[in-house]
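Quick notes on the structure that follows.
The values are calculated or read from the model by the stated rules, or taken from the named source; none is laboratory data. All figures in this text were calculated on a predicted structure; none of them were measured in a lab. Every residue, glycine among them, receives a Cβ derived from its backbone with ideal geometry; neighbour counts consider all protein chains shown. Each accessible area value is taken on the protein alone, full model and side chains, heavy atoms only, with ligands, DNA and RNA left out. Shrake-Rupley method; radii C 1.70, N 1.55, O 1.52, S 1.80 Å.
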Amino acid sequence: STSANLSECSRIASPLFESFATMPTIKGTASLASTTAYEKLLRSTKFPDCYASGGPVSISCVNLPVLRGWISARLTSLLGFEDDIVAGMVHNLLVQSEDREGGVDPRRLQIDLEGFCGPDDARTFAGELWDMLVAAQGNQPSGIPPRLIEQKMREM
């Protein structure tokens with residue numbers, strides 16, 4: 001009786017598993033592991049002009065704990081709800097960029113965010129973040145963007 005049940009299950013499941021083999025693959029962040037797919041996205045994605053300004057940004061020159069609050073607040077305003085996962089992902093991408101030659105790549109950040117925010121909001125956020133990073137790197141020794149310092153002074 002058990003072998004009959006197994007035989008019946010495999011008879012039903014076999015065509016089902018064959019259909020999985022012919023299903024199209026779902027494109028997402030896993031496909032970006034391929035450098036070809038990433039290079040294609042680099043060519044086809046529209047990036048803000050501000051990425052060309054400021055030169056390379058080294059995260060070690062930026063006060064990330066202060067900037068993390070701005071990242072979370074800005075993402076909340078763009079998404080319409082608080083999302084600690086996306087904010088944490090942005091923070092992790094910035095931290096990981098320290099190991100990468102050339103520092104932070106705003107284009108990669110924008111492409112990685114498009115799945116969460118959509119292309120327009122990802123472009124807006126990444127452009128604003130890039131401006132903040134460039135300003136923070138230029139404001140040594142604090143590493144805090146002057147805009148955030150001015151905002152805090154107005155709040156006091």
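Filtered by the rule that a residue be assigned to a helix (DSSP H, G or I) and open to solvent by less than 30 Å² (accessible area, probe 1.4 Å), the range 52-71 gives Ile59, Leu64, Leu67, Trp70, Ile71. For Ser142, only one of the following conditions fails: (1) under 24 Å from Lys152 (Cβ atoms); (2) in a helix (DSSP H, G or I); (3) touching a helix residue (DSSP H, G or I) at 6+ places or on another chain (Cβ under 8 Å). What is its number? Ser142 satisfies every listed condition except (2).
Quick one: is Pro56 over 16 Å from the mean Cα position of the chain (by Cα) and either at pLDDT 90 or above or over 18 Å from Ala126 (Cβ atoms) (or both)?
Taking the combined requirement at face value, the residue does not satisfy it.
Test Glu101 against the criterion of being surrounded by fewer than 17 Cβ atoms within 10 Å (Cβ to Cβ) and either under 14 Å from Trp70 (Cβ atoms) or among the charged types (D, E, K, R) (or both), and give yes or no. For Glu101, the condition - surrounded by fewer than 17 Cβ atoms within 10 Å (Cβ to Cβ) and either under 14 Å from Trp70 (Cβ atoms) or among the charged types (D, E, K, R) (or both) - is met.
Would a scan of the range 86-96 turn up a residue that is open to solvent by 70 Å² or more (accessible area, probe 1.4 Å) and touching a residue at least 12 places away in the same chain (Cβ under 8 Å)?
no
Candidates Gly69, Gly127, Gly103: the one that is of a type outside the set (Val, Ile, Thr) and free of Cβ contacts under 8 Å to residues at least 40 places away in the same chain is Gly69.
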